[in-house]
1. By accessible area of protein heavy atoms, probe 1.4 Å, what ranking do E119, E213 get, highest first?
2. Of the residues R63, R140, R72, which exhibits the maximal mean-square fluctuation in a Gaussian network model of the chain defined by a 10 Å Cα contact cut-off?
3. Tell me, in nm to one decimal, what length is gained between R106 and I76 on full extension, where the rule is 0.36 nm per residue of separation less the Cα-Cα distance?
4. I'd like the Karplus ³J(HN,Hα) series for segment 5-12: coefficients 6.51, -1.76, 1.60, θ = phi - 60°, whole numbers in Hz, and an x wherever there's a Gly or Pro.
5. Specify the residue with the greatest mean-square fluctuation among L97, L183, L68, computed from a Gaussian network of the chain linking alpha-carbon atoms under 10 Å apart.
6. Ranked by accessible surface with a 1.4 Å probe, highest first, in what order do W189, W25, W107 come?
7. Kindly write out, for segment 90-106 in residue order, the coupling ³J(HN,Hα) from the Karplus curve 6.51 cos²θ - 1.76 cosθ + 1.60 (θ = phi - 60°), rounded to whole Hz, with x marking Gly and Pro.
8. Where the only charges are on Cβ atoms (+1 Lys, Arg; -1 Asp, Glu), what is the dipole of the chain about its Cα centre, to the nearest 20 debye?
Amino acid sequence: MQPLQWDYRPDGLRAPALVCAFKGWNDAADAASTAITFVGSALGAARFATIDPEEFYDFQATRPRVKLVEGRSREIEWPEVELYEARVPRAPRDLILLSGSEPSFRWRTFSRLIVELAEAIGVQLVVTVGALLADVPHTRPVSVTGLTSDPALVQKLGLTQSSYEGPTGIVGVLHAACQDAGLPTASLWAAVPHYIAAAPNPKAALALVRKLEGLVGVAVDGSELETAASNYERQVNVAVQSDPEVQAFVERLEQAAEPELDEEPGSLPSGDTIARDLQRFLRQRGDGEST
(Lines give C-alpha, C1' and ligand atoms only; values in the text may rest on other atoms or scores of the structure.)
Protein backbone atom coordinates (compact mmCIF):
# COMPACT_ATOMS: atom_id res chain seq x y z
CA MET A 1 0.00 0.00 0.00
CA GLN A 2 1.27 3.46 -0.91
CA PRO A 3 1.85 5.73 2.12
CA LEU A 4 0.04 8.68 0.51
CA GLN A 5 -3.70 8.01 0.54
CA TRP A 6 -5.86 10.43 -1.48
CA ASP A 7 -9.46 11.11 -0.47
CA TYR A 8 -9.59 13.19 -3.66
CA ARG A 9 -7.15 15.28 -5.68
CA PRO A 10 -7.69 19.05 -5.37
CA ASP A 11 -7.53 21.01 -8.60
CA GLY A 12 -7.70 24.67 -9.54
CA LEU A 13 -5.65 25.82 -6.53
CA ARG A 14 -4.25 29.33 -6.92
CA ALA A 15 -0.52 29.74 -6.17
CA PRO A 16 -0.90 27.44 -3.15
CA ALA A 17 1.35 27.63 -0.11
CA LEU A 18 1.92 24.45 1.88
CA VAL A 19 1.89 25.17 5.63
CA CYS A 20 3.16 22.38 7.90
CA ALA A 21 3.10 21.84 11.66
CA PHE A 22 4.37 18.75 13.48
CA LYS A 23 3.53 17.81 17.04
CA GLY A 24 6.38 16.81 19.32
CA TRP A 25 9.91 18.23 19.37
CA ASN A 26 8.96 21.12 17.06
CA ASP A 27 5.79 22.08 18.95
CA ALA A 28 6.47 23.51 22.42
CA ALA A 29 3.23 24.07 24.37
CA ASP A 30 1.25 22.84 21.33
CA ALA A 31 1.58 26.33 19.84
CA ALA A 32 2.30 25.29 16.23
CA SER A 33 -0.29 22.51 16.03
CA THR A 34 -2.89 24.80 17.63
CA ALA A 35 -2.10 27.54 15.12
CA ILE A 36 -2.51 25.34 12.05
CA THR A 37 -5.67 23.70 13.41
CA PHE A 38 -7.14 27.13 14.07
CA VAL A 39 -6.31 28.37 10.58
CA GLY A 40 -7.88 25.28 9.03
CA SER A 41 -11.05 25.66 11.09
CA ALA A 42 -11.31 29.40 10.39
CA LEU A 43 -10.98 28.87 6.63
CA GLY A 44 -13.25 25.81 6.42
CA ALA A 45 -10.44 23.55 5.20
CA ALA A 46 -11.33 20.14 3.78
CA ARG A 47 -9.18 17.02 4.15
CA PHE A 48 -8.04 15.58 0.83
CA ALA A 49 -5.24 13.14 1.75
CA THR A 50 -3.49 11.30 4.58
CA ILE A 51 -0.12 9.65 5.01
CA ASP A 52 -0.33 6.13 6.37
CA PRO A 53 1.72 5.86 9.58
CA GLU A 54 2.97 2.28 9.19
CA GLU A 55 6.35 3.13 7.62
CA PHE A 56 7.10 6.25 9.62
CA TYR A 57 6.04 5.89 13.26
CA ASP A 58 7.14 4.00 16.35
CA PHE A 59 3.77 3.16 17.87
CA GLN A 60 5.31 2.80 21.32
CA ALA A 61 6.35 6.45 21.13
CA THR A 62 3.31 7.76 19.22
CA ARG A 63 0.58 5.43 20.33
CA PRO A 64 -2.69 4.84 18.50
CA ARG A 65 -5.86 5.57 20.45
CA VAL A 66 -8.94 3.48 21.11
CA LYS A 67 -12.36 5.08 20.97
CA LEU A 68 -15.89 3.78 21.42
CA VAL A 69 -18.26 4.04 18.47
CA GLU A 70 -21.88 4.59 19.52
CA GLY A 71 -20.93 3.33 22.98
CA ARG A 72 -20.42 -0.25 21.81
CA SER A 73 -17.76 -1.14 19.25
CA ARG A 74 -14.13 -0.12 19.66
CA GLU A 75 -12.15 1.59 16.91
CA ILE A 76 -8.42 2.25 16.58
CA GLU A 77 -7.35 5.76 15.60
CA TRP A 78 -3.88 5.67 14.07
CA PRO A 79 -1.56 8.71 14.18
CA GLU A 80 -1.96 9.78 10.56
CA VAL A 81 -0.54 12.89 8.95
CA GLU A 82 -3.46 14.77 7.40
CA LEU A 83 -3.54 17.23 4.51
CA TYR A 84 -6.25 19.84 4.01
CA GLU A 85 -7.05 22.36 1.30
CA ALA A 86 -8.28 25.84 2.20
CA ARG A 87 -9.57 27.95 -0.67
CA VAL A 88 -9.55 31.68 0.02
CA PRO A 89 -11.10 33.37 -3.04
CA ARG A 90 -10.33 36.98 -2.06
CA ALA A 91 -6.75 36.27 -1.00
CA PRO A 92 -3.84 36.07 -3.45
CA ARG A 93 -3.36 32.33 -2.85
CA ASP A 94 -4.95 29.18 -1.46
CA LEU A 95 -3.44 27.08 1.31
CA ILE A 96 -2.55 23.44 1.82
CA LEU A 97 -2.31 22.56 5.52
CA LEU A 98 -0.34 19.57 6.78
CA SER A 99 -0.56 18.46 10.40
CA GLY A 100 0.54 15.40 12.33
CA SER A 101 3.11 14.12 14.78
CA GLU A 102 6.80 14.22 13.97
CA PRO A 103 7.61 10.84 12.36
CA SER A 104 9.95 8.41 14.08
CA PHE A 105 11.56 6.76 11.04
CA ARG A 106 12.64 7.35 7.43
CA TRP A 107 12.69 11.13 7.54
CA ARG A 108 14.25 11.43 4.09
CA THR A 109 11.60 9.19 2.54
CA PHE A 110 8.87 11.08 4.39
CA SER A 111 10.21 14.45 3.23
CA ARG A 112 10.50 13.28 -0.39
CA LEU A 113 6.86 12.19 -0.19
CA ILE A 114 5.84 15.68 0.93
CA VAL A 115 7.92 17.27 -1.83
CA GLU A 116 6.35 15.01 -4.47
CA LEU A 117 2.88 15.90 -3.24
CA ALA A 118 3.77 19.61 -3.26
CA GLU A 119 5.03 19.38 -6.84
CA ALA A 120 1.96 17.41 -7.93
CA ILE A 121 -0.46 20.12 -6.80
CA GLY A 122 1.64 23.12 -7.81
CA VAL A 123 2.80 24.41 -4.42
CA GLN A 124 4.81 27.64 -4.78
CA LEU A 125 5.92 28.13 -1.17
CA VAL A 126 6.47 25.74 1.75
CA VAL A 127 6.11 27.21 5.25
CA THR A 128 6.68 25.39 8.51
CA VAL A 129 5.49 26.69 11.87
CA GLY A 130 7.08 25.62 15.13
CA ALA A 131 7.61 26.65 18.74
CA LEU A 132 10.60 26.37 21.03
CA LEU A 133 11.21 26.80 24.76
CA ALA A 134 13.02 29.99 25.72
CA ASP A 135 13.89 32.25 28.65
CA VAL A 136 11.03 34.65 27.92
CA PRO A 137 8.28 35.99 30.21
CA HIS A 138 4.64 35.24 29.47
CA THR A 139 3.77 38.91 30.03
CA ARG A 140 5.58 40.19 26.92
CA PRO A 141 4.55 39.95 23.24
CA VAL A 142 5.49 36.58 21.79
CA SER A 143 8.67 36.71 19.75
CA VAL A 144 8.28 34.99 16.36
CA THR A 145 11.40 34.45 14.27
CA GLY A 146 11.09 34.08 10.53
CA LEU A 147 13.86 32.19 8.74
CA THR A 148 14.42 31.15 5.15
CA SER A 149 17.10 29.47 3.06
CA ASP A 150 15.97 31.38 -0.05
CA PRO A 151 17.81 34.72 -0.57
CA ALA A 152 14.88 36.06 -2.61
CA LEU A 153 12.53 35.59 0.34
CA VAL A 154 14.98 37.36 2.65
CA GLN A 155 14.56 40.54 0.61
CA LYS A 156 10.92 40.17 -0.39
CA LEU A 157 9.44 39.16 2.97
CA GLY A 158 11.93 40.62 5.42
CA LEU A 159 12.94 37.25 6.84
CA THR A 160 16.37 36.20 8.09
CA GLN A 161 18.63 33.82 6.20
CA SER A 162 19.14 30.82 8.46
CA SER A 163 22.60 30.37 9.98
CA TYR A 164 21.57 27.76 12.58
CA GLU A 165 23.86 24.79 13.18
CA GLY A 166 22.96 21.95 15.54
CA PRO A 167 20.32 19.28 16.15
CA THR A 168 17.21 19.46 14.01
CA GLY A 169 13.83 17.82 13.68
CA ILE A 170 11.68 16.79 10.73
CA VAL A 171 11.25 20.51 9.94
CA GLY A 172 14.95 20.88 9.13
CA VAL A 173 15.02 17.74 7.00
CA LEU A 174 11.89 18.81 5.12
CA HIS A 175 13.38 22.22 4.40
CA ALA A 176 16.52 20.58 3.01
CA ALA A 177 14.43 18.31 0.77
CA CYS A 178 12.45 21.30 -0.52
CA GLN A 179 15.64 23.23 -1.17
CA ASP A 180 17.05 20.31 -3.19
CA ALA A 181 13.83 20.28 -5.23
CA GLY A 182 13.93 24.04 -5.86
CA LEU A 183 10.90 24.83 -3.69
CA PRO A 184 11.10 28.14 -1.76
CA THR A 185 10.73 27.64 1.98
CA ALA A 186 10.24 29.70 5.11
CA SER A 187 10.07 28.75 8.78
CA LEU A 188 8.28 30.55 11.62
CA TRP A 189 9.25 29.86 15.25
CA ALA A 190 7.51 31.19 18.35
CA ALA A 191 9.38 31.51 21.64
CA VAL A 192 7.43 29.89 24.51
CA PRO A 193 8.14 30.49 28.23
CA HIS A 194 9.85 27.35 29.49
CA TYR A 195 8.31 27.58 32.97
CA ILE A 196 4.77 26.96 31.62
CA ALA A 197 5.62 24.59 28.78
CA ALA A 198 3.28 21.83 29.94
CA ALA A 199 0.11 23.83 29.22
CA PRO A 200 -1.07 24.62 25.66
CA ASN A 201 -0.19 28.22 24.84
CA PRO A 202 -2.85 29.99 22.74
CA LYS A 203 -0.94 33.29 22.99
CA ALA A 204 2.00 31.78 21.10
CA ALA A 205 -0.38 30.11 18.66
CA LEU A 206 -2.02 33.48 17.95
CA ALA A 207 1.40 35.07 17.32
CA LEU A 208 2.21 32.34 14.79
CA VAL A 209 -1.14 32.84 13.05
CA ARG A 210 -0.58 36.59 12.75
CA LYS A 211 2.94 36.13 11.40
CA LEU A 212 1.71 33.48 8.96
CA GLU A 213 -0.99 35.85 7.69
CA GLY A 214 1.60 38.38 6.63
CA LEU A 215 3.81 35.73 5.06
CA VAL A 216 1.20 34.03 2.87
CA GLY A 217 -1.22 36.96 2.41
CA VAL A 218 -4.23 35.17 3.91
CA ALA A 219 -6.16 36.66 6.84
CA VAL A 220 -8.36 34.80 9.33
CA ASP A 221 -10.76 35.89 12.04
CA GLY A 222 -8.63 35.43 15.16
CA SER A 223 -11.18 36.62 17.73
CA GLU A 224 -11.68 33.18 19.26
CA LEU A 225 -7.95 32.62 19.64
CA GLU A 226 -7.52 36.18 20.96
CA THR A 227 -10.05 35.43 23.71
CA ALA A 228 -8.28 32.19 24.56
CA ALA A 229 -4.93 34.01 24.69
CA SER A 230 -6.32 36.67 27.04
CA ASN A 231 -7.82 34.04 29.34
CA TYR A 232 -4.58 32.09 29.28
CA GLU A 233 -2.47 35.11 30.26
CA ARG A 234 -4.90 36.00 33.05
CA GLN A 235 -4.81 32.47 34.47
CA VAL A 236 -1.01 32.33 34.31
CA ASN A 237 -0.80 35.71 36.06
CA VAL A 238 -2.95 34.41 38.91
CA ALA A 239 -0.81 31.28 39.25
CA VAL A 240 2.46 33.23 39.15
CA GLN A 241 1.29 35.76 41.74
CA SER A 242 0.43 32.96 44.14
CA ASP A 243 4.08 31.85 44.29
CA PRO A 244 6.61 34.55 45.34
CA GLU A 245 9.60 32.60 43.99
CA VAL A 246 8.04 32.15 40.56
CA GLN A 247 6.92 35.78 40.55
CA ALA A 248 10.47 36.95 41.29
CA PHE A 249 11.79 34.70 38.49
CA VAL A 250 9.28 36.16 36.00
CA GLU A 251 10.26 39.70 37.03
CA ARG A 252 13.89 38.90 36.28
CA LEU A 253 12.90 37.64 32.83
CA GLU A 254 10.92 40.83 32.26
CA GLN A 255 13.92 42.96 33.17
CA ALA A 256 16.12 40.96 30.80
CA ALA A 257 13.56 41.40 28.03
CA GLU A 258 13.39 45.21 28.29
CA PRO A 259 16.54 45.93 26.22
CA GLU A 260 15.28 43.61 23.48
CA LEU A 261 12.01 45.50 23.27
CA ASP A 262 13.90 48.80 23.00
CA GLU A 263 16.15 47.43 20.26
CA GLU A 264 13.34 45.91 18.17
CA PRO A 265 10.48 48.39 17.85
CA GLY A 266 9.57 46.77 14.53
CA SER A 267 8.40 43.64 16.36
CA LEU A 268 5.13 45.47 17.13
CA PRO A 269 2.80 46.16 14.17
CA SER A 270 2.32 49.77 13.10
CA GLY A 271 -1.08 51.40 12.77
CA ASP A 272 -0.79 51.19 8.98
CA THR A 273 -0.04 47.47 9.17
CA ILE A 274 -3.04 46.85 11.42
CA ALA A 275 -5.29 48.84 9.08
CA ARG A 276 -3.99 46.94 6.03
CA ASP A 277 -4.56 43.57 7.70
CA LEU A 278 -8.07 44.58 8.76
CA GLN A 279 -8.94 45.72 5.25
CA ARG A 280 -7.57 42.49 3.79
CA PHE A 281 -9.62 40.42 6.23
CA LEU A 282 -12.79 42.39 5.41
CA ARG A 283 -12.20 41.94 1.68
CA GLN A 284 -11.83 38.19 2.09
CA ARG A 285 -15.13 38.08 3.99
CA GLY A 286 -16.79 40.18 1.30
CA ASP A 287 -17.44 43.09 3.70
CA GLY A 288 -14.60 45.35 2.61
CA GLU A 289 -15.88 46.91 -0.61
CA SER A 290 -16.49 50.24 1.05
CA THR A 291 -13.11 50.43 2.87
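1. E119, E213
2. R72
3. 8.4 nm
4. Here the 3J(HN,Hα) series is 10, 8, 6, 6, 9, x, 10, x Hz.
5. Among L97, L183, L68, the largest GNM mean-square fluctuation belongs to L68.
6. W25, W107, W189
7. Residue by residue, segment 90-106 yields 8, 9, x, 8, 9, 10, 10, 10, 10, 9, x, 6, 4, x, 8, 10, 6 Hz.
8. The calculated dipole for the chain is roughly 720 debye.
The values are calculated or read from the model by the stated rules, or taken from the named source; none is laboratory data. Quantities reported herein were computed from a predicted structural model and do not represent experimental measurements. Virtual Cβ from ideal backbone geometry, glycine too; neighbours counted across all protein chains shown. Surface accessibility is based on the protein's heavy atoms, side chains included, excluding ligands, DNA and RNA. Shrake-Rupley method; radii C 1.70, N 1.55, O 1.52, S 1.80 Å.
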